[in-house]
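A short write-up of the structure that comes next.
The values are calculated or read from the model by the stated rules, or taken from the named source; none is laboratory data. Since we're looking at a predicted model, the values are computed, not measured. Virtual Cβ from ideal backbone geometry, glycine too; neighbours counted across all protein chains shown.
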Amino acid sequence: MNTPAIIDLPRFEDPRGNLSFIEQSKHIPFTIKRTYWIYDVPGGEVRGGHAFLSQKELIVALSGSFDVVVKNGLAEETFSLNRSYYGLYVPPGIWRQMANFSTNSLALVLSSTDYDKDDYVRDFNAYLKMKSHAS
Ligand code: TYD
């Protein structure tokens, strides 16, 4: 998978409450090295305007809703996440930004790597330059 895609996660619907889960390498195309979450985002704030060189990730709206805007240098797509049984898989080399967080939203991110600041491309022009050299 080298383009961003929604992964439909397993879900057990139950009158007592629903349950979903993720097994690495089975439901998502990587092994999980790290997990982090984004919460208490003030209205109107934007997070994560960057690309990763090698990190793969899965983003889940565990609670509430937000948009993930992805770009590959040529096209742009917006994924609105608002269900805890959908995950957005983002492969390396994709510019991604998160916005329109609802009140009390909770974004879970599963990552294929340890935190590495050198894996980030934070400048969009540098990103475009990198993509144009890659193609
Ligand atoms: P960052 O990924 O830059 O968030 P955003 O792109 O949404 O602004 O992370 C913010 C800070 O948190 C960054 O300075 C480093 C720290 N951080 C870690 O130490 N470990 C992690 O796993 C992550 C994701 C961030």
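Of all residues in the range 101-124, exactly one satisfies the criterion of being of a type in the set (A, V, I, L, M, F, W, C) and either assigned to a loop (DSSP other than H, G, I, E, B) or surrounded by fewer than 14 Cβ atoms within 10 Å (Cβ to Cβ) (or both), namely PHE101. Residues in the range 56-67 that are within 11 Å of the chain's Cα centre (by Cα) and not in a strand (DSSP E or B): LYS56 alone.
The rows are residues; the columns are (1) modelled with pLDDT under 95; (2) within 16 Å of the ligand (Cβ to nearest atom).
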{"position": "ASP8", "(1), (2)": "no, no"}
{"position": "GLU13", "(1), (2)": "no, no"}
{"position": "SER20", "(1), (2)": "no, no"}
{"position": "LYS26", "(1), (2)": "yes, no"}
{"position": "PRO29", "(1), (2)": "no, no"}
{"position": "ARG34", "(1), (2)": "no, yes"}
{"position": "TRP37", "(1), (2)": "no, yes"}
{"position": "VAL60", "(1), (2)": "no, yes"}
{"position": "LEU81", "(1), (2)": "no, yes"}
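Of the strands (runs of 3 or more DSSP E) contained entirely in the range 1-54, those carrying at least 1 residues that are exposed (fewer than 14 other Cβ atoms within 10 Å of the Cβ) fall at 5-8, 34-38.
Within the range 90-135, the set of residues being among the basic types (Lys, Arg), closer than 23 Å to LEU58 by Cβ and away from the ligand (no atom under 13 Å from the Cβ) comprises LYS131 only.
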